[in-house]
Structures are given as structure tokens and as C-alpha cells.
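Q: The following block contains the structure, expressed as C-alpha cells.
Just so you know, all these numbers are worked out from the coordinates, no wet-lab data involved. Because the structure is a prediction, the values reported are computed rather than measured. All Cβ positions, even for glycine, are placed from backbone atoms using ideal geometry, and neighbour counts span all protein chains on display.
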């Protein structure tokens, strides 16, 4: 009994088989190594340029209010007038829905509007932070990320002082002093990380596409009304409230509302959720910024 030999493969037949896939691990290791080098270098530059960051923050705060009679008090007057007006108007509109009186509604509005003001103001200033420092960037070497960072720090200082001052004003109206206020520094840090990530993205995009700043203003206005700040989350039926959690700003606003308005400690999962969103957003913003950092100077 003869055994037939296996047919040999011709060149054409061999070509039908797909080429073996390349191992992606070397490319991933190279990318991780590059990111690690960027992080180590930026940490070192933060130590070296921390004085420059401090000067940018202090100079901006000084210049902003040097010719004003009320000076830094405007950081209190502006949000106080805004929230007082909104409290008087919207407490009438949403009284039947939220079941809150005018003074309780003022505390509720304060607890959500303050973190939103920090987020929106930081994003607006981060967007143009590189363009406004074009002369300095072209003359000497400075890490470009310090300019968005300085804007977030400026707004963070304003946010912290306004938070304390307005809480003192609202205390007689029903704002409660409780142990839950000890969680505010954690909430502010998580919100700052989230805001910094968005700020890096906004600064990068606006440098290449100057129309982005105009779209941002419209987007922030829509984002504000889509976030339960002037109304409670029970504005929607119970089976539709999950949609609010699709809004990345809502967990942070909700965190402040629980700490200030409800005077209680948020659940641990809410802190973890805010931490995850903040770290993911910051990582995305950092990678976007570093990928375009060398091209920025040519687009200013």
C-alpha cells in the first residue's frame, strides 16, 4: 500500500496565509518607558520651577485687584450676588419640586454652584493660558504645563476663600457646621485633579484651533443646565435619574451637595468614583498635552 506524499506548497499558496502578527509588548514597553520619563522629568521641573509657579499665582492675584476699591472682596461679592439672585428666582420655581424653602434652597444652590464656578472658571482661563504667555514661552525655557496649573491654582485659592466666606454668610440661614465639612479638602482635591486634566486638554486644543474658546463658552452653559445645580436630581422620574451619572461633573457636584447641604458623609463609593474620574481625566489630559508639547511653540 503506497502512501501519498503531502503536496508541496507553492509560492502562491503560501501567500494565502496571513503574516504572523507582531508582538505588541515591545511597543507597549517603549510607550510606558517614554511616559515614565516624562513624569519623572516633570516632577523634577516642578521642584525647580515652583518659585515661578508661585510668582505667576501671586502676580495674577495682585494685578487682578490692584486698582479695585474692594480688591479681593470681589471674589466674595460676585458669587454672593449671583447666588442671591438665583436663590430668589429659582426658589419660587422649584419650591414645589424640591420641597425647599428660600433659605434652604440658598444653601443647596451654594453647595453646587461653588464647585461648578471653580470648574468653569478654571477651564475658561486654562484655554487661553498658553496664548497669553506667548512672549515668555518664546524667550526662555519654562515647562508649558505650569501655565494651566497656575490658572487652576488661582481659581483654587479663590474657590477656597469664597467657600469659607459664603458659608459664614449662609450659616444663619441654615447651613450646618458638622464633621462632614472635614471632607471638603478631599472633595476639593479630587475636583482639582479632574479640572486640571480638562484644563490641559482645553489649553492644547485651543492652541491649534482658536475657535475652540468660543465653543467652550456655549458648551459650559449647556453643561451647567444639564447638571443638577439649580434643581435637584429628583427633578427627573426615579427610573431616569441614572442619566445624571453619565455627566462626569455630577459626581463632584453631588459630593459637595452631600457634604454642605445635607451635612452628612458621602458613601465611600462616591469618593472612589470621583477619584477614578479625576485620575482618568488627568491622565488623558496629560497624555494629550505631552504628545503636542513640542509643536505648541510653533502654533502660538
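Q: So is residue 280 farther than 28 Å from residue 177 by Cβ, in contact with a helix residue (DSSP H, G or I) (Cβ under 9 Å, 6 or more places away or on another chain) and surrounded by fewer than 16 Cβ atoms within 10 Å (Cβ to Cβ) or not?
A: Judged against the criteria, residue 280 is a match.
Q: Another question, if that's okay. May I ask you to say which residue of 256, 252, 289 is more than 25 Å from residue 180 (Cα to Cα) and surrounded by 19 or more Cβ atoms within 10 Å (Cβ to Cβ)?
A: 289
Q: Of all residues in segment 231-249 being farther than 24 Å from residue 188 by Cβ and out of contact with any helix residue (DSSP H, G or I) (no Cβ under 8 Å at 6 or more places or on another chain), which is surrounded by the most Cβ atoms within 10 Å (Cβ to Cβ)?
A: Residue satisfying both the conditions and the ranking: 243.
Q: Quick check: is even one residue across segment 158-171 in contact with a helix residue (DSSP H, G or I) (Cβ under 8 Å, 6 or more places away or on another chain), surrounded by fewer than 20 Cβ atoms within 10 Å (Cβ to Cβ) and more than 19 Å from residue 257 (Cα to Cα)?
A: No: segment 158-171 contains no residue that is in contact with a helix residue (DSSP H, G or I) (Cβ under 8 Å, 6 or more places away or on another chain), surrounded by fewer than 20 Cβ atoms within 10 Å (Cβ to Cβ) and more than 19 Å from residue 257 (Cα to Cα).
Q: Report, ordered by the first and then the second residue, all pairs with beta carbons closer than 8 Å, sequence separation of six or more or different chains, a first member in segment 136-154 that is touching a residue at least 24 places away in the same chain (Cβ under 8 Å) and on the phi < 0 side of the Ramachandran plot, and a second member that is outside any helix (DSSP H, G or I) and surrounded by fewer than 20 Cβ atoms within 10 Å (Cβ to Cβ).
A: Listed pairs, sorted by first residue: 137/300; 138/300; 142/49; 143/49; 146/49; 147/133.
Q: Being part of a helix (DSSP H, G or I), out of contact with any strand residue (DSSP E or B) (no Cβ under 9 Å at 6 or more places or on another chain) and closer than 23 Å to residue 104 by Cβ is true for just one of 183, 217. Which residue is that?
A: Only one candidate passes the filter, namely 183.
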